[in-house]
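The values are calculated or read from the model by the stated rules, or taken from the named source; none is laboratory data. Quick caveat, the model's predicted, so the values are computed rather than measured. As a convention, Cβ positions derive from the backbone with ideal geometry for all residues, glycine included, and neighbour counts pool all protein chains shown.
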Amino acid sequence: MREVLVIITISLCLFLFVSSLKSGEKSRLYPWLCYYGKITSVDDLKGYAMAILDADSVPDPTAYKNAGITCIGYVSLGEVEDYRWYWKKIRNEAYILDENPDWKGNYYIDPRDKRWSDFFIRRVIPKILNKGYDGIFLDTIDTALYLEWRDPEKYAGAKLAMAKIIREIRKAYPEIIIISNNGIAMLETFAGSVDIALVEDLYTGFDFENERYTDQDADTTIEWTKKLKQAQKKYGIQVITLDYAEASDKQKIKTIYKTSLENGFWPLVADIKLATIPDPSQQGDL
């Protein structure tokens, strides 16, 4: 009976928290951080209100939550990494496709296969939430866009299938915080099922072939900004931006923060591997 009461209490707290997000009280989640390394102390995250973390690197977020930090667990929806606990269970499934050339050990997934969505929703997500995370960060959604671009006939329906999975996740876990990553071209198909939409490379990017930081095409920045503002207004979601730059390029970083905030977004500028924790004070105030 006690365990049931604990579960009910936790669910109620999460429900109230998410409800407050939907009612416009999202500012409590800024500044935010995306970091996939290990953490040794609560002080490592001092100054942050929300942190997207790798649940394998940070298996117990309790101490950070007790410090008032909302903790979101990273999970890849459109790819699978060969170092995850479930890799050996699914590596021979037909929905596992070829390796991502930019990220070794990461394999594309065909989102149209129901076996993947069932496994992801029933096995992968609970593993993260049971560790105490407040929600999930859905990465590699744009795999669906890539697959349809690569072979429109062979992968027809990938975008709709990906959006369907996200809607099913919301239905299965109505009480958690859900953050989507990228997939701007298909945001309209799932925006109603997420609380926050993250977009990478709005202002800068990274050239993997030449291993250098770059500036985003100006027209692309304008186009994406327009679509993201429309989504914010229509669906009431918060947009957060993640751009990449050399830590020494302080003027560029300052400009990105200023521009993103002026557009109504919440910015973060980090290194491409998300292996360092930036100073939260540089993010500025909302």
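Is it the case that some residue within the stretch 150-161 is in contact with a strand residue (DSSP E or B) (Cβ under 6 Å, 6 or more places away or on another chain) and either aromatic (F, W, Y) or surrounded by 14 or more Cβ atoms within 10 Å (Cβ to Cβ) (or both)?
There is no residue in the stretch 150-161 that is in contact with a strand residue (DSSP E or B) (Cβ under 6 Å, 6 or more places away or on another chain) and either aromatic (F, W, Y) or surrounded by 14 or more Cβ atoms within 10 Å (Cβ to Cβ) (or both).
For P61, all conditions in the list (1) in contact with an Asp or Glu (Cβ under 7 Å, 6 or more places away or on another chain); (2) under 24 Å from L45 (Cβ atoms) hold save one; what is the number of the exception?
(1)
Give me the residue from the stretch 241-286 that is aliphatic (A, V, I, L, M), touching a helix residue (DSSP H, G or I) at 6+ places or on another chain (Cβ under 7 Å) and part of a loop (DSSP other than H, G, I, E, B) and, out of that set, surrounded by the fewest Cβ atoms within 10 Å (Cβ to Cβ).
Here the answer is L286.
With the checklist (1) more than 25 Å from G37 (Cβ to Cβ); (2) touching a Pro at 6+ places or on another chain (Cβ under 7 Å); (3) touching a residue at least 60 places away in the same chain (Cβ under 8 Å) in hand, flag the one item Q283 doesn't pass.
Unmet for Q283, out of (1) more than 25 Å from G37 (Cβ to Cβ); (2) touching a Pro at 6+ places or on another chain (Cβ under 7 Å); (3) touching a residue at least 60 places away in the same chain (Cβ under 8 Å): (1).
Table: residues versus (1) among the β-branched types (V, I, T); (2) not in a loop (DSSP other than H, G, I, E, B).
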| position | (1), (2) |
| --- | --- |
| C71 | no, yes |
| V75 | yes, yes |
| W85 | no, no |
| K89 | no, yes |
| D98 | no, yes |
| Y108 | no, yes |
| P111 | no, no |
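Pairs please, first residue from the stretch 227-239 and over 11 Å from A197 (Cβ atoms), second anywhere and among the aliphatic types (A, V, I, L, M), Cβ atoms under 8 Å, 6+ apart in sequence or on different chains.
What qualifies is K229/V239; K234/A191.
Looking at (1) in a helix (DSSP H, G or I); (2) surrounded by fewer than 19 Cβ atoms within 10 Å (Cβ to Cβ); (3) out of contact with any Phe, Trp or Tyr (no Cβ under 8 Å at 6 or more places or on another chain), can you tell me which one E209 breaks?
For E209, the failing item is (1).
Given the structure, is R123 within 19 Å of K154 (Cα to Cα), modelled with pLDDT of 95 or more and in a helix (DSSP H, G or I)?
Details: within 19 Å of K154 (Cα to Cα): no; modelled with pLDDT of 95 or more: yes; in a helix (DSSP H, G or I): yes.
No; evaluated as a whole, the condition is false for this residue.
Has the stretch 143-162 got at least one residue that is hydrophobic (A, V, I, L, M, F, W, C), in contact with a Phe, Trp or Tyr (Cβ under 6 Å, 6 or more places away or on another chain) and in contact (Cβ under 8 Å) with a residue 60 or more places away in the chain?
Checked the stretch 143-162: no residue is hydrophobic (A, V, I, L, M, F, W, C), in contact with a Phe, Trp or Tyr (Cβ under 6 Å, 6 or more places away or on another chain) and in contact (Cβ under 8 Å) with a residue 60 or more places away in the chain.
Among the residues of the stretch 130-149, write down those that are touching a helix residue (DSSP H, G or I) at 6+ places or on another chain (Cβ under 7 Å) and closer than 30 Å to A67 by Cα.
Across the stretch 130-149, the qualifying residues are G132, D134, I136, L138.
Table: residues versus (1) on the phi > 0 side of the Ramachandran plot; (2) without any contact (Cβ under 8 Å) to a residue 24 or more places away in the chain; (3) among the hydrophobic types (A, V, I, L, M, F, W, C).
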site: D43; (1), (2), (3): no, yes, no
site: D54; (1), (2), (3): no, yes, no
site: T62; (1), (2), (3): no, no, no
site: G68; (1), (2), (3): yes, yes, no
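Do any residues in the stretch 258-271 that are among the small types (G, A, S) have Cβ atoms under 9 Å from those of residues that are in a loop (DSSP other than H, G, I, E, B), where the two are at least six apart or on different chains, and which pairs are they?
What qualifies is S260/L202; S260/Y203; A270/A245; A270/A247; A270/T276; A270/I277; A270/P278.
Where the second residue is among the hydrophobic types (A, V, I, L, M, F, W, C) and the first is assigned to a helix (DSSP H, G or I) and lies in the stretch 212-223, which pairs have Cβ atoms under 9 Å and are six or more apart or on separate chains?
Going by the 9 Å Cβ cut-off, the qualifying pairs are T220/L202; T221/L202; E223/I184.
Just to be sure I understand, how many residues within the stretch 40-57 are out of contact with any Cys (no Cβ under 7 Å at 6 or more places or on another chain) and within 21 Å of W266 (Cβ to Cβ)?
8
If you go through the stretch 226-239 one residue at a time, do you hit one that is at pLDDT 95 or above, in contact with a strand residue (DSSP E or B) (Cβ under 9 Å, 6 or more places away or on another chain) and assigned to a strand (DSSP E or B)?
yes
Please verify whether T225 is under 30 Å from A158 (Cβ atoms), more than 17 Å from the chain's Cα centre (by Cα), crowded, with 20+ Cβ neighbours inside 10 Å and not basic (K, R), treating the condition exactly as stated.
Yes.
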